[in-house]
Amino acid sequence: MKKSLVIILAGIICVLLFAAGCTSSSTTNPATPAATTAATVASQPEITATTAPAPQTLPWSGTWNTTWLEKDGNLTVSIIPLTQAGTKVSGNYNYTYPKEGTFTGSLNATVQGNTLAGTYSESDNDVGYFVFELSENKNSFKGRWIHAPANQSALANSTFFWNGVRQ
């Protein structure tokens, strides 16, 4: 703090001295410059700001509030923490289905651009495919899912949504 104050004061003195020399009304140059006094300031090393490289972003990592449409028209809600390592994403979740109980599930997927595609597996022996599309601001996704007995290509025409919002 003291060094900063000394540097600032020395800078102000230099500016004032420079300004005083530039605004002199005398048109003649003296043979010998007038003596001036200035505080001696120790030389400080030059500090250069550098920008660190931006860390690799892992847009799917984080906790997501999700909702999906069941085959019977009910909505299921679950919080899913996702972990991304490179292009691989995984996560585990719990959900409660009315009149049936609480179940667990897991996701395993691969990232390609803003798309996450993979499989889910749940403790009630339900398995299937899903695809999520990340929003531009990376804080939400819209997706679809389908049960595994169907061919994965049927996912494109699935009417079962699975959407999420980042917590």
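Before moving on, here are some points about what is shown:
- Pairs exceeding a 24 Å alpha-carbon distance, out of Lys99/Lys138; Lys71/Lys142; Lys88/Lys142: Lys99/Lys138.
- Calculated from the alpha-carbon coordinates, the stretch 54-167 shows an Rg and a Dmax of 13.6, 49 Å respectively.
- Residues of the stretch 111-144 with amide N under 20 Å of a point placed 7 Å along Cα→Cβ from Ala85: 111-113, 116-121
Each reported figure results from applying straightforward, stated rules to the coordinates on display, with no laboratory input. All values derive from a computational prediction rather than experimental measurement. FYI the Cβ positions are ideal-geometry reconstructions off the backbone, even for glycines, and counts take in every protein chain you see.
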